[in-house]
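Read the figures in this text as sums done on the coordinates, not as results from a lab. Source: prediction; values computed, not measured. All Cβ positions, glycine included, derive from the backbone under ideal geometry; neighbour counts span all protein chains shown.
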Amino acid sequence: MAYSTFLYDILGKVSQIVGPDKAEIQFVLHENVETALLKKDRFYHNGRRLTENEPFEKYIKCGLQVKFSCHIFDSTPKNAYGWYVTICWRHKTESETQIQMCTGMTNVLGEVTKLKKRHGTLTMEDNAGRERKVHFLASKFYVRGKRFPGSKVLSSELSLDDKVFFDAIPCMPEENEENCEWFATCVFKGQRPQCKDDEKLNDNILGNLVPQTSSDRIMKSGACLAEIVKLYINDPRNVFVSGAGVVLDIFNDDYGIILGEFQRNLCETIVFHRRNAFLFKMSLAHSKLGETFMEGYRKRSTQVYRSKSSNKFHYRLDRNSSFCFLPGKYE
């Protein structure tokens with residue numbers, strides 16, 4: 001099975017409240033009922049993680065449908081839960097929300113189906129039995145915990161049908177030759193490497209910086225914000241959101257703001273960097289936003305990806321639209 005240790009975007013139901021900060025989730029996997037342990041710090045409400053002072057029972061009750069990702073326990077815990085939840089939110093119907101949410105993938109087993117000199121394609125089967133293609137680069141490949149040498153081609157270590165583990169985030173299929181909708185942030189054989197993407201910036205810094213989206217604030221904190229955008233866009237442990245919005249402001253050559261609609265009459269501002277922007281399928285990474293967009297420019301069909309961890313935002317457009325923001329591929 002492709003998913004022996006990690007499941008993502010699973011639909012389940014809260015079956016029991018087991019403490020002030022814990023709940024049990026039941027879900028069906030291969031016709032068997034499984035249970036997962038949910039802790040308060042893994043639950044998100046309206047895109048934000050609950051604070052320490054917010055009561056868990058205000059948002060969680062028995063019978064509530066939730067979407068979540070989970071990882072199998074390495075060893076059977078005393079409470080006998082088979083899985084622990086890594087991220088979770090209340091499931092909403094299409095009539096309740098204007099967005100679609102999904103998580104990245106971590107520790108997923110895939111099969112090498114195509115190989116070029118320094119990039120290739122992995123194939124895996126998701127929870128619903130659908131085949132997913134994942135684009136990967138040699139610079140993201142590790143063997144026994146060490147980065148694959150830049151002087152070698154992938155075929156010197158990999159062959160077609162080889163099995164590898166990977167982490168991945170959603171991406172635009174037009175961005176790669178195989179039209180993959182996922183991009184691998186880490187691919188490895190043997191020991192899992194210690195990647196820079198596994199590190200987190202201080203939550204206090206992030207919390208103080210991101211909610212204030214004025215031009216002056218972002219320009220003064222540009223260096224820190226650039227690091228945040230780069231780090232969180234490539235973190236598969238985040239939740240990503242696809243929805244509609246408009247370009248609200250372009251305040252310098254590097255940064256802009258879009259206004260995303262998350263529910264009817266409920267919008268949020270989203271900061272983006274030019275390296276994550278595309279116009280007519282062309283990357284704006286080397287363009288100046290101030291020269292690309294004129295005052296008063298708006299797009300009604302913009303799609304956005306938003307990372308929920310510490311309120312970091314990531315962006316994307318519908319493939320039928322002319323303007324998009326999406327997770328970038330950093331070397």
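Residues C171, C62, C70, ranked from the fewest to the most other C-beta atoms within 10 Å, line up as C62, C171, C70. Amide H contacts under 5 Å for F240: C102, T103, G104, restricted to partners 5 or more places along the chain or on a different chain, H placed in the peptide plane at 1.01 Å from N. As a rough guide to protection, the peptides 142-154, 261-273 ranked by mean Cβ packing within 10 Å, highest first, stand as 261-273, 142-154. For the residue pairs K22/K163; K22/K140; K140/K288; K189/K281; K117/K281; K39/K230, the alpha carbons lie more than 30 Å apart in K22/K163; K22/K140; K189/K281.
Spin-label model, V153/C102: points 7 Å from Cα along the beta carbon direction are separated by 3.2 nm.
Here segment 6-91 has an Rg and Dmax of 12.0, 38 Å, counting Cα atoms alone.
Residues whose amide H falls under 5 Å from that of F148, counting only those 5 or more places apart or on a different chain, are F141, Y142, V143, with hydrogens built in the peptide plane.
Residue exposure proxy: V164, V187, ordered by other Cβ atoms within 10 angstrom of their Cβ from fewest to most, comes out as V164, V187.
With +1 on each Lys and Arg Cβ and -1 on each Asp and Glu Cβ, and nothing else charged, work out how big the dipole of segment 61-189 is about its Cα centre, in Debye to the nearest 20.
Values: 19 positive and 16 negative charges, 113 e Å.
That gives a dipole near 540 debye.
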